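The values are calculated or read from the model by the stated rules, or taken from the named source; none is laboratory data. Predicted model, so just to flag it, every value in this text is computed and none were measured. Neighbour counts are summed over all protein chains in view; Cβ atoms, including those assigned to glycine, are modelled from backbone coordinates with ideal geometry.
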């Protein structure tokens with residue numbers, strides 16, 4: 001795809017559409033049943049379809065906040081989301097955890113159980129998701145839950161942007177899966193042919209996966225990578241990064257220069273992107289547990 005124009009920009013190994021300087025100011029709706037009925041009449045998305053997509057999302061991303069799932073899959077209706085989550089918990093498919101954001105605000109995080117993974121894979125297959133899509137469980141780490149759940153918000157923004165450009169997301173790989181693929185190939189080459197072969201194989205696999213390599217030979221891994229297909233059947237990738245306030249500036253600059261879709265996880269990260277001149281050219285602010293009141297939505 002190199003040298004061709006895709007979505008209004010020159011395509012690189014990992015092309016992505018330009019991200020506008022957006023900041024989601026929408027409040028979650030109150031979740032009244034009549035609102036949801038009207039929404040269904042307009043959009044014709046059934047409750048079971050919403051549940052199937054939501055359960056799959058939890059398995060793909062490992063850790064998803066309750067509110068983010070409500071906004072992404074249930075039209076912002078907390079009561080409808082609560083109905084779905086309670087049903088999953090009762091069936092033993094989902095676990096609900098409490099985590100704390102950077103400013104000490106509590107929020108709820110959802111993850112799959114092993115039983116839930118089996119069910120999510122069935123639903124993913126029925127929905128035509130790529131069979132290679134990884135769906136699994138994840139151990140919730142309280143200290144990292146804020147960043148882990150921000151990855152889902154960032155990926156949702158990029159999926160929506162792709163949809164608006166006429167493209168369809170086909171698969172999502174998280175950083176752990178990407179790192180594992182590169183490491184396995186490199187180690188196999190090292191055992192057979194030595195260190196130079198291992199380095200060559202590392203570079204080859206990174207290029208195959210659309211992962212850029214910096215000037216020091218280091219592979220740059222995104223938090224998530226979205227594989228997509230455009231309206232003309234061409235494929236591409238978007239490397240997505242949920243930037244936290246404690247990120248180092250050189251790392252942020254390197255990933256931005258490599259074409260990553262940079263999204264600020266909270267006001268400190270938004271300020272960091274702003275200082276680097278990324279706040280208006282492609283960064284967006286992911287409003288998360290650090291800057292919103294969970295009490296109004298996490299029932």
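Quick notes
- Among residues of region 64-87 being in contact with a strand residue (DSSP E or B) (Cβ under 6 Å, 6 or more places away or on another chain) and crowded, with 24+ Cβ neighbours inside 10 Å, the one that is farthest from residue 129 (Cα to Cα) is 65.
- Segments classed as helices (runs of 4 or more DSSP H), wholly inside region 194-299, with at least 3 members that are at pLDDT 95 or above, crowded, with 16+ Cβ neighbours inside 10 Å and in contact with a helix residue (DSSP H, G or I) (Cβ under 6 Å, 6 or more places away or on another chain): 195-208
- A single entry from 154, 99 fulfils the requirement of being out of contact with any helix residue (DSSP H, G or I) (no Cβ under 9 Å at 6 or more places or on another chain), under 27 Å from residue 246 (Cβ atoms), outside any loop (DSSP other than H, G, I, E, B) and touching a residue at least 12 places away in the same chain (Cβ under 8 Å): 154.
- Some residue of region 11-34 being modelled with pLDDT of 50 or more, more than 22 Å from residue 167 (Cα to Cα) and surrounded by fewer than 16 Cβ atoms within 10 Å (Cβ to Cβ): no
- Hits in region 130-155 - residues which are under 22 Å from residue 233 (Cα atoms) and surrounded by 20 or more Cβ atoms within 10 Å (Cβ to Cβ): 155
- Residue match in region 89-98 (condition: touching a strand residue (DSSP E or B) at 6+ places or on another chain (Cβ under 9 Å) and crowded, with 21+ Cβ neighbours inside 10 Å): yes
Here is a yes/no grid of residues against (1) out of contact with any strand residue (DSSP E or B) (no Cβ under 6 Å at 6 or more places or on another chain); (2) at pLDDT 95 or above; (3) within 17 Å of residue 68 (Cβ to Cβ):
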site	(1), (2), (3)
123	yes, yes, no
126	yes, no, no
130	no, no, no
135	yes, yes, no
140	no, no, yes
146	yes, no, yes
152	no, yes, yes
156	yes, yes, yes
